[in-house]
Amino acid sequence: MSTFKAPKGTYDLTPPDSAKYLAVREAIAAPLKNSGYGYIETPGFEDVALFSRGVGESTDIVSKEMYTLTTKGGSELALRPEGTASVLRAALEANLHKLGNLPVKLWYSGSYYRYERPQKGRYRHFSQVGAEAIGAEDPALDAELIILADQAYRSLGLRNFRILLNSLGDKECRPVYRDALQEFLRELDLDDDTRRRIELNPLRVLDDKRPEVQKQLVGAPVLRDYLCDACKAYHEEVRDLLTAEGVVYEDDEKLVRGLDYYTRTTFEFVHDGLGSQSAVGGGGRYDGLSEMIGGPALPSVGWALGVDRTVLALEAEGIELELPASTSVFAVPLGEEARRVLFAKVTELRRLGVATDFAFGGRGLKGAMKSANRSGARFTVVAGERDLAEGVVQLKDMESGEQQPVALDALVAEIQQKLA
Ligand code: ATP
Ligand code: MG
């Protein structure tokens with residue numbers, strides 16, 4: 001072990017477990033790639049103002065959780081705590097909304113950073129796969145995204161998750177509700193922090209997990225009663241589309257989500273096997289965000305799914321992903337000449353696309369066979385001086401244990417045929 005450890009709240013992904021994370025990212029991305037979403041990658045840090053304006057000063061993310069830094073040149077930057085603001089910034093900067101048809105559909109995958117109290121399922125460095133559909137107001141788009149996330153989780157074999165759904169209204173009806181809620185909240189017995197929150201971001205108070213707060217929230221005005229006709233109709237349409245596709249959801253009028261920019265549709269995916277860090281993903285519509293960061297009006301919707309918690313959810317359900325072995329053939333040379341001959345065969349197989357590995361370091365048969373076993377290879381090729389003198393190598397089927405000599409010249413074709 002070195003003197004250094006991964007920083008608090010972070011962990012490394014190392015083989016073999018890391019394969020699971022890759023597979024989860026791929027499983028989440030697959031339905032997006034299949035539905036017109038293009039891949040986007042943005043920097044790991046941004047102008048801090050993008051987040052304070054885009055995510056909102058009053059959110060936990062901006063007020064408590066952001067890693068900020070001042071560069072030698074005096075720029076104020078922040079490690080990205082989430083993806084949406086960056087993706088929208090990048091789309092506007094590249095004029096994607098002017099170049100092609102709307103909506104601009106994008107997906108991304110990467111690392112995010114939040115200064116949080118580390119615990120199971122809550123880290124300071126974590127990973128998300130996300131999707132954004134920019135520039136269209138259409139209930140079918142909201143439904144599409146929810147359906148694609150549902151499909152991603154199901155393709156991984158997850159079953160014990162639930163979809164919570166709500167509408168947050170728009171700039172017409174939300175302020176009316178906000179006033180009514182503030183009036184109600186100001187009468188309650190709450191600590192100073194929460195009192196400040198009432199003035200800054202009253203909807204977030206509904207999200208407070210403490211029982212002594214929740215108890216007082218019984219009878220609070222609910223947004224549903226304040227939705228304007230347009231928002232109501234929109235939400236009904238989203239719900240109908242989901243129902244028609246057989247996607248089961250629960251109406252959750254308390255679901256407000258942490259970010260300031262959400263309007264209308266909001267949703268969260270929760271998994272019941274994860275304890276208090278139960279949200280595996282979430283998202284919603286953010287019709288006002290583009291204007292908040294200086295762009296044109298571009299009604300948009302998106303989500304981000306947490307890769308770390310999705311892996312925990314798989315473990316909670318006891319799901320073992322069927323990951324194909326990364327190596328198909330393992331070559332074990334005995335002696336110098338065999339080393340050169342087999343190394344050439346390994347390179348040839350690799351060029352042909354057969355996943356092949358080699359016993360490096362000349363450790364003798366026993367150690368090399370251990371490596372072959374560990375690699376998960378279907379076939380092992382062993383060759384010593386006597387074999388080569390006869391123009392053959394030994395081909396061992398690791399499943400049946402059978403071993404047979406194969407002419408060196410026929411080896412590659414033989415392996416290809418057996419693997420086909
Ligand atoms: P929570 O309520 O648990 O703090 P959040 O609302 O802050 O979650 P989002 O900003 O919606 O989370 O991010 C989307 C997803 O990213 C979450 O559902 C979760 O799976 C994951 N996520 C968020 N923060 C963390 C973290 N600190 N560690 C690991 N995963 C996280
Ligand atoms: Mg959070």
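A few notes on this one:
- Inter-part distance, segment 118-181 to segment 330-409, computed on C-alpha centroids, equals 50 Å.
- In segment 175-234, the trypsin sites (Lys or Arg not before Pro) that fall in loop regions by DSSP, at most 10 other Cβ within 10 Å: Lys209
- Per DSSP, loop trypsin sites (Lys or Arg not before Pro) in segment 69-107 with at most 13 further Cβ within 10 Å: Lys72
- Sparse packing (at most 11 other Cβ atoms within 10 Å of the Cβ) combined with a DSSP loop state is found for the following trypsin sites (Lys or Arg not before Pro) in segment 1-64: Lys5, Lys8, Lys64.
- Inter-site label distance for Ala344 and Glu399 at 7 Å from Cα along Cβ, in nm: 3.1 nm
- Absence of a disulfide-compatible partner, taken as no other cysteine beta carbon within less than 4.7 angstrom, is noted in the chain for Cys231.
- Taking 25 °C and 0.890 mPa s as conditions, segment 329-419 diffuses translationally at an estimated 192 µm²/s according to Stokes-Einstein applied to its Kirkwood radius (Cα pairs).
- Considering only Val332, Val205, Val24, the Gaussian network model of the chain with Cα springs below 10 Å gives its largest mean-square fluctuation to Val332.
- Shape metrics for the chain, restricted to C-alpha atoms - Rg then Dmax, Å: 27.3, 93
- Segment 274-357 shape via C-alpha gyration tensor axes, a/c threshold 1.5: oblate
- Accessible surface, per residue, of the chain when the full set of protein chains is kept, probe 1.4 Å, Å²: 50 Å²
- Share of carbon and sulfur in the accessible heavy-atom surface of the chain [1.4 Å probe, %]: 49 percent
- For segment 69-164, the gyration tensor built on C-alpha atoms gives an oblate shape. Its axis ratio a/c (a ≥ b ≥ c) is at least 1.5, and a/b is not larger than b/c.
- Dipole orientation for segment 104-217: of the candidates Ala136, Leu148, Tyr113, Tyr113 has the Cα lying most toward the positive pole (charges on Cβ; Lys, Arg +1; Asp, Glu -1).
- Length-normalised contact order for the chain - Cα pairs under 8 Å, 6+ apart - percent: 15 percent
- Computed [θ] at 222 nm, deg cm²/dmol, the chain (DSSP H ≥ 4; -39,500 (n - 2.57); rounded to nearest 500): -11000 deg cm²/dmol
- Within the chain, DSSP assigns beta bridges of which about 80% are antiparallel (rounded to the nearest 5).
- Segment 257-305-segment 11-61 distance, computed between alpha-carbon centres (Å): 14 Å
The values are calculated or read from the model by the stated rules, or taken from the named source; none is laboratory data. The structure presented is a predicted model; accordingly, all values stated were derived computationally and were not measured. Counting neighbours? That spans all protein chains shown, and the Cβs are built from the backbone with ideal geometry, glycine included. Accessible surface is based on the protein model in full, side chains and every heavy atom, while ligands, DNA and RNA are left aside. Shrake-Rupley method; radii C 1.70, N 1.55, O 1.52, S 1.80 Å.
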